[in-house]
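Structure first, commentary second.
The numbers here are math on the coordinates, done by the rules we state, and not lab data. Quick caveat, the model's predicted, so the values are computed rather than measured. Here the Cβ is made from the backbone with ideal geometry for all residues, glycine too, and neighbour counts use every protein chain on show.
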Amino acid sequence: MKKLLNNYYPTKLSFFEALGKEFRYCVAGLKSRIAYSGRVTRVLTYPELPGSKSIIYKIAKYNRWVLTNNPKKRCDFAVAWQDSTLRDDFPVLIEHSKNIPVLNLHSNNIMKTYIDEFVYEVFGFKTRINPVLHNGPAVLKSEWNATHSGEIVQCPVEKVEENCIYQIVINNKTEDGFFEDIRVPVAAGGIPFVYIKLKSPESRFETKANKVLLKQPDEILSADEQQKILEFARIIGLDFGEVDVLRNRDDGRIYVVDVNNTPYGPPANLDEDGRITAIKKLSAALCSMF
């Protein structure tokens with residue numbers, strides 16, 4: 001990382017690209033100062049600056065907040081932000097947590113095999129199977145986040161793929177023939193809404209959905225299910241992010257299959273009203289912290 005004037009940027013970024021970001025940072029600071037009567041509302045995202053597609057960037061823009069990854073700047077709250085499945089603790093953020101709220105401070109591991117152990121702890125069942133002993137179909141996915149890999153394989157297998165997880169096949173198919181993913185945003189200890197992502201059979205394991213709907217949590221999840229999702233998030237250190245859930249039509253249960261602590265969004269194919277509502281509700285949740 002290299003420091004220009006205010007923030008730190010990847011070394012691969014050209015000087016002029018970094019300068020452009022610095023200019024936008026200064027403009028954001030001016031807008032924040034105007035919006036908050038001369039006081040800049042600043043959020044530390046460390047160690048990385050979120051991209052413009054990230055939800056925290058859009059929340060900050062909506063609220064006239066300024067994002068910085070410079071820990072020497074005065075900030076109102078902080079978010080541990082590193083687009084990585086595994087990461088170390090950040091001593092800088094631990095120190096900041098003595099004075100300001102720091103979200104995702106201990107969300108250091110979102111590998112699928114890791115989170116599945118805590119799914120079992122909270123829900124009493126898991127998705128992971130032993131591909132050597134299991135007899136029948138299974139879903140093979142990469143351990144690493146944002147690979148959007150997934151395929152159905154037949155077990156038992158002769159060779160177990162490295163850095164992968166084998167999971168049960170969950171019947172989340174709707175009567176209309178779509179596969180339904182339930183994406184659950186978590187923010188400041190609550191679930192402000194849920195996304196319903198409807199996918200065609202061809203895009204079942206891909207991130208982009210054919211159609212996305214915004215729903216109230218109570219429309220999709222029982223009070224007990226919501227409580228368990230929040231308990232699961234608390235245990236893995238997820239204060240701000242998204243939990244991907246599938247409801248099995250065969251047994252009625254929900255299964256947690258993935259976690260993202262640096263989410264993009266709102267999802268593509270959500271209508272404009274839904275996108276605005278999502279950002280407003282997430283903003284309200286974060287504003288409640290300070």
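What FRET efficiency, computed as 1/(1 + (r/R0)^6) with R0 = 41 Å and r the Cβ-Cβ distance, is obtained for Ser222 and Lys12, rounded to the nearest 0.05?
Efficiency, rounded to the nearest 0.05: 0.30.
How much length, in nm to one decimal, is gained on full extension between Lys280 and Lys173, taken as 0.36 nm per residue of separation minus their Cα-Cα distance?
Gain on extension, Lys280 to Lys173, equals 35.5 nm.
Near Pro47, within a Cβ-to-Cβ distance under 11 Å, what is the net charge of the other residues, with Lys and Arg +1 and Asp and Glu -1?
-2
Give, as a single signed number, the net charge of other residues whose beta carbon lies under 12 Å from the beta carbon of Ser14, with Lys and Arg counted +1 and Asp and Glu -1.
+2
Quickly rank 116-122, 269-275 as a protection proxy: mean count of other C-beta atoms within 10 Å, highest first.
116-122, 269-275
Report, in deg cm²/dmol and to the nearest 500, the calculated mean residue ellipticity at 222 nm for the chain, where each DSSP H run with n ≥ 4 adds -39500 (n - 2.57) and the sum is divided by the residue count.
That comes out to -8500 deg cm²/dmol.
Asn269 to Asn99: extension gain in nm, 0.36 nm per residue of separation minus the Cα-Cα distance?
That pair, Asn269 and Asn99, stretches by 57.3 nm at full extension.
Return the subset of Lys31/Lys197; Lys3/Lys280; Lys12/Lys281; Lys211/Lys280; Lys21/Lys215; Lys61/Lys98 for which the Cα-Cα distance in this structure is over 30 Å, preserving the input order.
Result: Lys31/Lys197; Lys3/Lys280; Lys12/Lys281; Lys21/Lys215 exceed 30 Å.
What is the gain in length, in nm to one decimal, between Val160 and Glu202 on full extension, counting 0.36 nm per residue of separation less the C-alpha to C-alpha distance?
Stretched fully, the Val160-Glu202 segment lengthens by 12.6 nm.
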